[in-house]
Amino acid sequence: MQRVQNGDRVTVHYIGTLDNGRIFDQREEDQPLPFTIGASEVFPALDRK
């Protein structure tokens, strides 16, 4: 497994849930989320390497 570095472009599939289990956002296989690590393009929890 490779480690990402700031500036790397990544694509993720995820399901974001709240503490109560409610889904607030999700990206499935047909619509992955591409972003650059460390570029503040997504919320901070996803942007941390």
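In table form, for the structure just shown:
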read-out: Residue within segment 29-39 that is among the acidic types (Asp, Glu), modelled with pLDDT under 95 and surrounded by 10 or more Cβ atoms within 10 Å (Cβ to Cβ) present; value: no
read-out: Checklist (1) surrounded by 10 or more Cβ atoms within 10 Å (Cβ to Cβ); (2) touching a helix residue (DSSP H, G or I) at 6+ places or on another chain (Cβ under 8 Å) applied to residue 17, failing item; value: (2)
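The values are calculated or read from the model by the stated rules, or taken from the named source; none is laboratory data. Here the structure is a predicted model, which means the values were calculated and not measured. Don't worry about glycine lacking a Cβ; one is built from the backbone with ideal geometry, like all the others, and counts go over all protein chains shown.
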